[in-house]
1. Return the pair list, or none, for Cβ contacts closer than 6 Å from residues in the range 41-53 that are farther than 13 Å from residue 24 by Cβ to residues that are surrounded by 14 or more Cβ atoms within 10 Å (Cβ to Cβ), at least 6 apart or on different chains.
2. How many residues does the range 13-24 contain that are in contact with a helix residue (DSSP H, G or I) (Cβ under 8 Å, 6 or more places away or on another chain), within 17 Å of residue 85 (Cβ to Cβ) and either surrounded by fewer than 12 Cβ atoms within 10 Å (Cβ to Cβ) or at pLDDT below 85 (or both)?
3. Has the range 25-42 got at least one residue that is touching a helix residue (DSSP H, G or I) at 6+ places or on another chain (Cβ under 7 Å), surrounded by 13 or more Cβ atoms within 10 Å (Cβ to Cβ) and not in a loop (DSSP other than H, G, I, E, B)?
4. In the range 70-81, what residues are surrounded by fewer than 10 Cβ atoms within 10 Å (Cβ to Cβ) and within 12 Å of residue 12 (Cβ to Cβ)?
């Protein structure tokens with residue numbers, strides 16, 4: 001499954017985790033009002049609670065097992081060695097911080 005998230009550049013610097021839960025019916029087009037409507041259902045909330053529990057358990061495991069963090073960092077380093085990060089923004093480009101001034 002492919003898609004985009006807000007994690008962006010972070011996953012190139014530190015190990016990250018992403019979880020998926022069945023919150024919409026199969027075949028529902030993303031970024032639609034149907035996704036929003038289904039996301040309010042008890043079934044979607046139940047799925048999200050299960051994902052939250054899994055992520056919390058992983059957090060506890062990471063905090064109590066230094067070997068897990070070391071293994072994640074080693075895996076991330078090996079993956080980025082094969083395909084190193086290249087920032088798509090040219091060096092020296094700065095955001096236009098004066099855009100909102102009146």
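The values are calculated or read from the model by the stated rules, or taken from the named source; none is laboratory data. It should be emphasised that the depicted structure is a prediction, and the values quoted were computed from it without experimental measurement. We place every Cβ from the backbone using ideal geometry, glycine too, and count neighbours over all the protein chains shown.
1. What qualifies is 51/21.
2. Here is the first cut: in the range 13-24, the ones in contact with a helix residue (DSSP H, G or I) (Cβ under 8 Å, 6 or more places away or on another chain) are 14-17, 19-24.
With within 17 Å of residue 85 (Cβ to Cβ) added as a condition, the list becomes 14-16.
Subset that is either surrounded by fewer than 12 Cβ atoms within 10 Å (Cβ to Cβ) or at pLDDT below 85 (or both): 14.
Final tally of qualifying residues: 1.
3. yes
4. Keep residues of the range 70-81 that are surrounded by fewer than 10 Cβ atoms within 10 Å (Cβ to Cβ), which gives 78, 81.
Result: 81, single match.
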